[in-house]
Amino acid sequence: MAGAAAISLMPATPVAAAALAALHAAAMPAGEAWSAESIATELGLPGVFGLLEAGGGMVLARVAADQAEILALAVAPGARRAGRGAALLAEAERRAAGRGARQMFLEVAEGNAAARALYARAGYRPLGRRRAYYANGEDALVLGKALAETTFCEATIV
Ligand SMILES: CC(C)(COP(=O)(O)OP(=O)(O)OC[C@H]1O[C@@H](n2cnc3c(N)ncnc32)[C@H](O)[C@@H]1OP(=O)(O)O)[C@@H](O)C(=O)NCCC(=O)NCCS
């Protein structure tokens with residue numbers, strides 16, 4: 001780790017869609033950024049929630065019954081290797097578990113070494129492969145992790 005940062009996480013409502021989109025655009029390869037409109041739409045869908053990290057990170061996740069999915073996880077280039085990605089992921093897991101999810105899934109580009117290292121360290125295991133999943137023809141790996149049951153309540157902890 002480059003240095004411990006003061007991590008400050010907050011829930012992201014559709015009002016924060018522009019901030020989330022700016023972070024997503026800064027972090028993702030050209031052509032893969034999501035617009036503020038699409039992020040606002042996602043955040044309005046049942047089971048979808050987002051978190052912002054004040055130093056420059058975001059996560060979007062969706063819960064459906066007892067399963068959850070990381071839709072997007074991004075940390076601005078200048079804010080990386082300070083624990084933000086791991087903190088965003090852990091809080092998304094905690095909130096998903098609080099909404100009843102027992103498993104978290106995600107897709108990651110096979111060549112995305114940084115994200116694969118982060119997910120492996122967080123306990124994610126490979127479950128499958130989606131061939132030519134990305135626009136550049138790269139395969140996606142499907143990763144998953146069992147979530148612990150929790151009594152976490154979003155109404156009382158931010
Ligand atoms: C992947 C990403 C979210 C990581 O964010 P981050 O804030 O830098 O991650 P953290 O600082 O919490 O890293 C946690 C651990 O993950 C691993 N890790 C993170 N980045 C790494 C890198 N570039 N190389 C190797 N390991 C890395 C390390 O084990 C790290 O712990 P350490 O710093 O103590 O060694 C960030 O690189 C990013 O936004 N990338 C572009 C978008 C993306 O790929 N999103 C995921 C799509 S599935």
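Any read-out appearing in this document is the output of simple, stated calculations on the displayed coordinates, not a laboratory observation. Since the model is a prediction, treat every value here as computed from it, not as a measurement. Counting neighbours? That spans all protein chains shown, and the Cβs are built from the backbone with ideal geometry, glycine included.
Which one is nearest to ALA27 (Cα to Cα) among residues in region 132-151 that are assigned to a loop (DSSP other than H, G, I, E, B), in contact with an Asp or Glu (Cβ under 8 Å, 6 or more places away or on another chain) and of a type in the set (A, V, I, L, M, F, W, C)?
Result: ALA135.
On the given criteria, is ALA86 in a helix (DSSP H, G or I) and more than 17 Å from ALA21 (Cβ to Cβ)? Can you show your working first?
Numbers: in a helix (DSSP H, G or I): yes; more than 17 Å from ALA21 (Cβ to Cβ): yes.
Yes, satisfied.
Sort through ALA6, ALA16, ALA74 and tell me the only one that's outside any loop (DSSP other than H, G, I, E, B), more than 15 Å from the chain's Cα centre (by Cα) and among the hydrophobic types (A, V, I, L, M, F, W, C). I'd like the intermediate steps shown before the answer.
Numbers: ALA6 fails: outside any loop (DSSP other than H, G, I, E, B); ALA74 fails: more than 15 Å from the chain's Cα centre (by Cα).
Going through ALA6, ALA16, ALA74 in turn, just one is outside any loop (DSSP other than H, G, I, E, B), more than 15 Å from the chain's Cα centre (by Cα) and among the hydrophobic types (A, V, I, L, M, F, W, C): ALA16.
Tell me the residue from ARG95, ARG116, ARG129 that is part of a helix (DSSP H, G or I) and farther than 18 Å from PRO29 by Cβ, please. Working first, answer last.
Values: ARG116 fails: farther than 18 Å from PRO29 by Cβ; ARG129 fails: part of a helix (DSSP H, G or I).
Checking each option against the conditions leaves just ARG95.
Quick check, is ALA68 part of a loop (DSSP other than H, G, I, E, B), touching a residue at least 40 places away in the same chain (Cβ under 8 Å) and at negative phi?
No, not satisfied.
Of all residues in region 8-48, which are under 23 Å from ARG121 (Cα atoms), buried (at least 17 other Cβ atoms within 10 Å of the Cβ) and more than 9 Å from the ligand (Cβ to nearest atom)?
Within region 8-48, LEU9 is the sole residue that qualifies.
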